[in-house]
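A short write-up of the structure that comes next.
Since every read-out is calculated from the coordinates, none of them should be taken as a lab result. Quick caveat, the model's predicted, so the values are computed rather than measured. Here the Cβ positions follow ideal geometry from the backbone for every residue, glycine too, while neighbour counts run over all protein chains shown.
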Amino acid sequence: MELTFRTDIRKDDPEKVREIVTSTGFFYDFEIEVAVEIVVEALEKGVVESGYYFIFADAGDKTVGFACTGPIACTVGSYDLFWIAVHGEFRGSGIGKKLLSKTHQFVKEMNGRILVAETSGTEKYVPTREFYLHNGYTLEAQIKDFYLPGDDKMMYIYRL
């Protein structure tokens, strides 16, 4: 499978993002809507004004994954990794790792020095947490019961 990566946002990307995020089985409906809303915002306002920078992974004419990052307000060189997701049919194929690498490269080019990824501390998200650890992130904070009782916020940091 040959992948191409792009940073331009196309008018059909909101629905592609919806399909990708839904296919993972990891997210609540309201989270899926947030993913779609930020693509729409970036499409309407532009990436600079919206603060949402996307990298899409395409296999032929199918968008199979995406990452979204942006600068953290009131910091110098700190970026959030808002989203990274790969379509359920393509998970485990290395696309996520390639998207993450492209995201690191982008943030570095933007003079970023820290990338922050947040995820859930529940059992369901063990693969996500392992993904970050295997890709050079360190767990720097855990906030107990953040999302809801028994669901901690796990904050991983990648230093560029």
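How far is it, in nm, from the label point at Ser101 to the one at Met1 when both lie 7 Å from their Cα along the line to the Cβ?
Going by the 7 Å Cα→Cβ label model, 1.6 nm.
Could you check which residue among Lys102, Lys16, Lys124 shows the biggest mean-square fluctuation in a GNM of the chain with a 10 Å Cα cutoff?
Greatest mean-square fluctuation among the candidates belongs to Lys124.
With springs only between Cα atoms under 10 Å apart, run a GNM on the chain and tell me which of Lys144, Lys108, Lys97 wobbles the most.
For the chain, modelled as a Gaussian network with Cα springs under 10 Å, the answer is Lys144.
So which helices of the chain fit the span-like rule, where a helix is a whole DSSP H run, its Cα atoms reach 18 Å or more along the axis, and its mean Kyte-Doolittle is at least -0.5? Don't skip to the end; give the middle numbers.
Numbers: long enough: 29-45 (24 Å, 0.65); 95-109 (21 Å, -0.57).
Helix filter hits for the chain: 29-45.
How charged is the neighbourhood of Ile55? Take every other residue with its Cβ under 9 Å from the Cβ of Ile55, and add Lys/Arg as +1 and Asp/Glu as -1.
Details: positive: Arg6, Lys102; negative: none.
With Lys, Arg at +1 and Asp, Glu at -1, the neighbours total +2.
Taking the Cα centroid of segment 40-76 and of segment 88-131, what is the distance between the two, rounded to the nearest whole Å?
Here the two parts' Cα centres lie 14 Å apart.
Relative contact order (percent) for the chain, with alpha-carbon contacts under 8 angstrom and 6 or more residues of separation?
Numbers: 273 pairs, mean separation 28.5, N = 160.
Rounded, it is 18 percent for the chain.
For the chain, what is the number of Lys pairs with C-alpha distance below 14 angstrom, counting only pairs 8 or more positions apart or on separate chains?
Working: Lys11/Lys45; Lys16/Lys62; Lys124/Lys153; Lys144/Lys153.
For the chain, qualifying lysine pairs total 4.
Given H placed on each backbone N at 1.01 Å, which residues far from Leu160 in sequence or on other chains put an amide H within less than 5 Å of it?
Ile114, Leu115
Please build a GNM for the chain, connecting alpha carbons under 10 Å apart, and tell me which residue among Ser93, Ser78, Ser23 fluctuates the most.
Looking only at Ser93, Ser78, Ser23, the biggest GNM fluctuation is shown by Ser93.
Please list 3J(HN,Hα) in residue order for segment 64-70, calculated via the Karplus relation 6.51 cos²θ - 1.76 cosθ + 1.60 where θ = phi - 60°; whole Hz, with x for glycine and proline.
10, x, 7, 10, 9, 9, x
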